[in-house]
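I have placed the structure first, in the form of structure tokens, so that the comments after it can refer back to it.
Rule-based calculations on the coordinates, nothing more; no lab input. It should be emphasised that the depicted structure is a prediction, and the values quoted were computed from it without experimental measurement. Using ideal geometry, Cβ is built from the backbone for each residue, glycine included, and neighbour counts are taken over all protein chains shown.
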DNA sequence: TGTTATCAAACGACTGTTTGTTGGGCGCTG
DNA sequence: CAGCGCCCAACAAACAGTCGTTTGATAACA
């Protein structure tokens, strides 16, 4: 089975779109095949199974988020600036790969044990990177001595939840959304 | 079909648990019936359809979240205190009705148009209550002049995302989680 | 006696996947 | 350049189930 071919990429794109819209289990191979004007059996010339489709979509998304934050970390900026960069990077990935990213958040749990484990490893690594940014900020005295797990969780929750409401067709760019969140997370609601 | 009976409540409880664990579409009537040592056909003496099960679970959860925040609003406290109360209330509902609440977040979109609309109305109302808290805080000068939609969205994202990671069996009480978030959202990360 | 809960069985539709076959296009050979 | 074999994508059909739901019968209980 070829890991890369234009037909295969088409199938992945259609699957990503349908998985996002209807969910993994509510999307049948029939649905995917129809969009490509194929018989559902014909898909199996290009892929091994439906689950393999899901894994590839989810795994690619995980990789993109991970790459994005590691770039922010390598920037050498201050923790506050890294936080802003990380928020921007996350929102940019979400905007650019909306289908893939949404499926990543919603459908990873339907993977069988072993594949799910591989995704969760990347997910944990991603969360760790966020915690490192917060921890570094506290260490340097740039941040208050907050619990780094909660600090990371707050930032991550804001952008993780965004796939529920953010639309690339809307008036806000990914960077604008990220900056709004960055301002709030850094300076809080309270008036001076 | 009786709207309330102990058998019906049992079915709803089992359905809620399975829908949370495996998702709506991956849970069959067979699965639900097995847990209750029934034939799957027998469920239909108590319910009209699988979708009705989903709707009732999701609708109850929506009602609970809505009640919780309206109680916080009616408390007459300052906006900052209302925000803390609202965060606590949300986390408490999540902890107490974990299955129902998780299904509410994850599976509402599988409802058919009309039922989905009724849920979305309650959801919108819930978001509006959060925005009102922020707006009131800004108005009174207790909060900085932030965009109330983003302020509400940040608080809501924090607690909405919590169903992914929060476990009532863990070491943290709902109030502790809520207070951690409240401190962060009110005062921000940045050192003075 | 009527009511209620449950059962076994069937309904038609759909599931993901495998199979054997076909036809077009490609490169190699004579 | 003609002809041959081969690859590749796609097809139709079937596999062995499972799906949600309906029906008619049957016990237990009021």
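Values for this structure:
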| read-out | value |
| --- | --- |
| Cα pair count fraction exceeding 22 Å, expressed as % - chain A | 52 percent |
| R0 of 22 Å, Cβ-Cβ distance residue A:164-residue B:60: FRET efficiency to nearest 0.05 | 0.60 |
| Linear extension gain, residue A:183 paired with residue A:77, 0.36 nm per residue minus alpha-carbon span | 36.5 nm |
| Other protein chain Cβ atoms within 10 Å, averaged over every residue that makes up A:142-149 | 3 |
| Sum of -39500 (n - 2.57) over DSSP H runs of 4+, divided by residues of chain A (222 nm, nearest 500) | -23000 deg cm²/dmol |
| FRET efficiency, residue B:10 to residue A:125 (Cβ-Cβ, R0 41 Å, nearest 0.05) | 0.45 |
| Protection proxy ranking, peptides A:150-160, B:108-118, average beta carbon neighbours within 10 Å, highest first | A:150-160, B:108-118 |
| Rg and Dmax [Cα atoms of the protein assembly as shown; Å; Rg one decimal, Dmax integer] | 22.0, 65 |
| Average other protein chain Cβ within 10 Å of Cβ, residues A:22-30 | 3 |
| Prolate/oblate/rounded label for region A:38-136 (Cα gyration tensor, a/c 1.5) | prolate |
| Average beta carbon contacts from partner chains per residue of A:77-84, 10 Å cutoff | 1 |
